[in-house]
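Engineer: Take a look at this one; I'll ask things after.
The values are calculated or read from the model by the stated rules, or taken from the named source; none is laboratory data. A quick note: this is a predicted structure, and the numbers were derived from the prediction, not measured. Cβ: placed from backbone, ideal geometry, glycine included. Neighbour counts: every protein chain shown.
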Amino acid sequence: MSKSFSIVIPCFNMEKFISTCLDSLVNQNYDINLLQILVVDDGSTNPELKNIVNEYQEKYENIEYHAKKNNHWGSVINYVLENKLAKNDYVSILDADDFLDMNALKTIDEICDDHDVVSSAYARWYGNKKKGRFYSYPYLFKKVITDKYQKQSPISIPISWYAKKEVFYKLKNLVEGIPFQDGNYTSQIIMNAKSVKHTKKITCYYFIAREGNTVTSTWDEKRVNQEYQCLLNLIDNDAQEIVALRFLFYPPIRKAFLENKRELVVNRKFHFKWIPFYGRWAVNLMFLMSTKKFFSFKKI
C-alpha cells in the first residue's frame, strides 16, 4: 500500500516563491489524496502570501493554511508538534523557496520499505538552473543504516529527509527566535530512528542563492551566537562529529570562534563512524591537527 505524506511549509514573506513550491506538490506523479500540505505562515508582513495560498485552497482540499506570530523556523516545527497537525505516514519539511522533483514522493514511497527515516540526494537551485547532485549520506555503498552513530549525516537540508510520523513526534522542541535549526531537526530524527534508508536519486531542489538567505549572512556577533546555540543542540543530540565537521571544512566558523573565544564541551571521544573507513583516518588526522582545540572534554 502506498504511503501518505505530510509536507510542512514554513513561510515568512515568501510570496515570490510559494507558487513554485506548491505547484511542485500538487503536480506530483503521485496520488494527491495521499498528500497533506501544511502551509505555516510565521508572521508574514505581506498579505499576498495568504492570498496566493487561498487561491490554491479553492482548487485543492488537502492544503491547510495556519498563521502564527513570527519566531523563526524552529517555532514553525514546534507549532506543528504542539498542535498535532501532521497526520500522515511520513513527515517532511519543505522550505517555501525550495521545491520537489515531480517524482519525489513516488521515489520515496518505492524505496522506504517502512524504515523510520528515508533520505535522498538533492540538487542546488540557482533561480534558473539546477547544479550538481549532493548526497544526504557519505557512505555511498550502504543504503540502510542501523548503527547509532553511523546514521549521522552532515546534510541537514530538511526536504531531503522524510521521517515516520511516530519519529517526528518524538522531537524535542527546537530553539525559537534564531535561524539554523534545520541541523537540530535533522540530527534528532536521525538519532530517534531505528533505521535510516538512503537513495542517491534526486528528489528536491534547494535554493541556495536567494537574497536574504541566512546561510549567506555575515559572521557578526549575532550570527556567532546563533551558530553557537545550534552547535550546542547538535552536541545535545549526540551528534558532536557533525560539529567537528563544520569546523574542519568551513573556515569562517573557525575564524569566528577564535575571535570570539568560544569553546564546546563534549563528554565522549570522537569516532567519525559515518565517514567511510577509507577516509576516516584522514578526517581524524585533520581533526587532531586543526579542530580538536575548539573542544574540551567534560570530566565525569
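Engineer: It is to be established whether one or more residues within the stretch 235-245 are surrounded by 13 or more Cβ atoms within 10 Å (Cβ to Cβ), under 18 Å from Pro179 (Cβ atoms) and modelled with pLDDT under 90.
Structural biologist: For the stretch 235-245, residues surrounded by 13 or more Cβ atoms within 10 Å (Cβ to Cβ), under 18 Å from Pro179 (Cβ atoms) and modelled with pLDDT under 90: absent.
Engineer: Sticking with this one: Does Ser6 qualify as being in contact (Cβ under 8 Å) with a residue 12 or more places away in the chain, of a type in the set (Ser, Thr, Tyr) and closer than 30 Å to Glu176 by Cα?
Structural biologist: Criteria met by Ser6.
Engineer: Going residue by residue through the stretch 266-285, is there one that turns out to be basic (Lys, Arg), in a loop (DSSP other than H, G, I, E, B) and touching a helix residue (DSSP H, G or I) at 6+ places or on another chain (Cβ under 9 Å)?
Structural biologist: Checked the stretch 266-285: at least one residue is basic (Lys, Arg), in a loop (DSSP other than H, G, I, E, B) and touching a helix residue (DSSP H, G or I) at 6+ places or on another chain (Cβ under 9 Å).
Engineer: Among the candidates Asn51, Asn78, Asn83, Asn71, single out the residue that is exposed (fewer than 14 other Cβ atoms within 10 Å of the Cβ) and under 22 Å from the mean Cα position of the chain (by Cα).
Structural biologist: It is Asn83.
Engineer: Just a yes or no: is a residue in the stretch 1-12 of a type outside the set (Phe, Trp, Tyr) and more than 25 Å from Tyr185 (Cα to Cα)?
Structural biologist: Looking through the stretch 1-12, at least one residue is of a type outside the set (Phe, Trp, Tyr) and more than 25 Å from Tyr185 (Cα to Cα).
Engineer: Filter the stretch 13-71 for residues that are out of contact with any Leu (no Cβ under 9 Å at 6 or more places or on another chain) and at positive phi and give the result.
Structural biologist: Of everything in the stretch 13-71, just one residue is out of contact with any Leu (no Cβ under 9 Å at 6 or more places or on another chain) and at positive phi, namely Gly43.
Engineer: Taking the conditions exactly as written (in contact with a helix residue (DSSP H, G or I) (Cβ under 7 Å, 6 or more places away or on another chain) and in a helix (DSSP H, G or I)), does Val53 satisfy them or not?
Structural biologist: Yes, satisfied.
Engineer: Val26: over 23 Å from His115 (Cβ atoms), within 23 Å of the chain's Cα centre (by Cα), buried (at least 22 other Cβ atoms within 10 Å of the Cβ) and at pLDDT 95 or above, yes or no?
Structural biologist: no
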